[in-house]
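The values are calculated or read from the model by the stated rules, or taken from the named source; none is laboratory data. For clarity, every value in this text was computed on a predicted model and none was experimentally measured. With ideal geometry, Cβ positions are generated from the backbone for all residues, glycine too; neighbour counts draw on all protein chains shown. Surface areas here come from the heavy atoms of the whole protein model, side chains and all, with no ligands, DNA or RNA. Shrake-Rupley method; radii C 1.70, N 1.55, O 1.52, S 1.80 Å.
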Amino acid sequence: MEVTNKFIAIKATIDGEPQECDFELKVEPFSLAVKPGSKDVIIKNIYVSIDPYQLNRMKSVSSSKKTSKFAPRIAPGEVIGAYGVGKVVASGNPEFEKDDYVVGIISWGEYSISQGFMGCWLSKLDPMGFPLSYHVGLLGFSGLTAYAGFFEICKPKKGEKVFVSAASGSVGNLVSQYAKNLGCYVVGSAGSPYKVKLLKEKFGFDGAFNYKEETDLDSTLEKYFPEGIDIYFDNVGGVMLEAAISNMNSYGRVALCGVISEYTDVGKRAAPNMLNVVYKRIMIQGFLGGDYMHLFPEFVSTTVDHIRAGKMHVLEDISIGLESVPSAFVGLFRGYNVGKKIVRVSNDLEDC
């Protein structure tokens with residue numbers, strides 16, 4: 001059986017802040033039948049993840065495309081692979097059957113075909129009684145990134161003082177919740193009064209501030225951390241990283257998860273005081289969530305326990321319809337999202 005498949009593609013490489021006009025909705029014939037002898041899996045997409053790192057894949061030149069198998073180049077006009085949840089339509093792979101829910105690399109489209117490298121990043125999904133969207137964010141790649149970055153790189157101890165930038169974002173809000181559950185003192189930065197209120201009132205942060213209202217980040221952090229910062233989970237880079245390093249304690253740890261302040265402006269570069277780094281023996285490490293797939297079962301088990309005990313809250317920002325992907329993506333760079341940004345591709349989950 002052949003249908004038409006709608007998917008979102010870029011018109012040309014994007015070097016700068018993305019605009020909705022950089023994207024196009026394409027329509028192509030798509031077969032719902034598996035080729036004889038293949039191990040292909042054909043998927044009807046349900047939820048797809050919208051993530052800032054995708055912009056680096058769309059640029060003319062980016063170190064991510066040269067050094068990471070997790071961020072291959074996106075060429076104009078081609079299908080864009082993305083993390084998400086879907087339902088199997090047909091399968092030549094004995095590990096998957098029709099109507100199975102699956103999670104992994106699918107696409108910004110109505111249908112996906114999982115094969116080759118993408119096939120290695122697809123798993124059968126047991127929803128465990130949770131909404132399917134949870135498995136895109138909280139129990140998906142964003143959650144793993146938060147868990148691995150915090151526990152494996154930062155190696156936190158109860159009572160330590162933790163600062164998280166972009167704390168209302170898809171990864172930041174989860175890091176902060178893990179830290180609070182461990183018994184740490186947690187302060188987060190966000191980009192609006194609403195987000196700051198959310199961090200303090202819903203997530204119980206010990207402190208939170210709107211970085212857009214602060215003229216001296218160094219002094220701001222000194223106010224919130226009079227005894228210094230032990231752990232900084234960095235999602236933004238730039239001047240925030242500089243200020244955090246200035247306020248860190250000896251043997252502090254910094255996990256570099258993202259540098260969104262530099263994704264759209266090549267002029268912005270972090271320049272922390274390296275004397276502080278040396279004499280305070282500060283550890284700074286960049287990382288990719290995909291490097292820690294071996295932790296996935298541990299991460300899911302721990303997080304599910306927290307959810308069921310009411311110790312973790314879900315923060316999702318879901319747009320409806322494939323056509324909303326460009327605006328959802330662009331909104332990430334304008335601070336529009338609150339929590340994990342997801343697009344629900346299928347209009348009726350009962351039909352998936």
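Cross-link partners for residue 155 among the aspartates and glutamates, with Cα-Cα distance under 17 Å and sequence neighbours closer than 8 places in the same chain left out: 230, 234, 291, 298.
When the Cα positions of 290, 77, 3 are compared along the charge dipole of the chain, 290 comes out farthest toward the positive end, with charges on each C-beta of Lys, Arg, Asp and Glu.
Translational diffusion of the chain was estimated from the Stokes-Einstein equation, with Rh taken as the Kirkwood radius over Cα pairs; at 37 °C and 0.692 mPa s the coefficient is 157 µm²/s. For the chain, DSSP calls about 55 percent of its internal beta bridges antiparallel. Ordering of 71-80, 304-313 by packing is 71-80, 304-313, highest average first (other Cβ atoms within 10 Å, averaged per residue).
Quick one: putting +1 on the C-beta of Lys and Arg, -1 on the C-beta of Asp and Glu, what dipole do you get for the stretch 141-290 around its Cα centre, in Debye to the nearest 20?
380 debye
Taking each DSSP H run with n ≥ 4 as -39500 (n - 2.57) and averaging over every residue of the chain yields -6500 deg cm²/dmol at 222 nm. Heavy-atom accessible area for residue 256, with the other protein chains in place and a 1.4 Å probe, reaches approximately 50 Å². In this label model, residue 251 and residue 158 are separated by 1.8 nm, measuring between points 7 Å along each Cα→Cβ vector. Applying 1/(1 + (r/R0)^6) with R0 = 41 Å to the Cβ-Cβ distance of residue 39 and residue 298 gives a FRET efficiency near 0.90. Here the stretch 141-290 exposes an accessible surface that is 53 percent carbon and sulfur, computed with a 1.4 Å probe and the other protein chains kept in place.
Label zone of residue 98 (point 7 Å out along Cα→Cβ, amide N under 15 Å): in the stretch 1-28 this covers 1-2. For the chain, the per residue solvent-accessible surface stands at 44 Å², with DNA, RNA and ligands left out and a 1.4 Å probe.
Think of the chain as a dipole: +1 on every Lys or Arg Cβ, -1 on every Asp or Glu Cβ, centred on the Cα centre; then among 96, 279, 43, 279 lies furthest on the positive end. Taking the Cα centre of the chain as origin and assigning +1 to Lys and Arg Cβ atoms and -1 to Asp and Glu Cβ atoms, the resulting dipole is close to 660 debye. May I ask you to work out the translational diffusion coefficient for the stretch 141-290 at 37 °C, viscosity 0.692 mPa s, via Stokes-Einstein with Rh from the Kirkwood sum over Cα pairs, reported in whole µm²/s? The Stokes-Einstein estimate is 219 µm²/s.
Probe radius 1.4 Å, ligands and nucleic acids ignored: give me the carbon and sulfur share of the accessible area of the stretch 1-115 as a rounded percent. Looking at the stretch 1-115 in its full context, I get 50 percent from C and S. When the Cα positions of 318, 108, 138 are compared along the charge dipole of the chain, 138 comes out farthest toward the positive end, with charges on each C-beta of Lys, Arg, Asp and Glu.
Ordering 108, 121 by accessible surface, largest first, gives 121, 108; the 1.4 Å probe counts only protein heavy atoms, with every chain in place.
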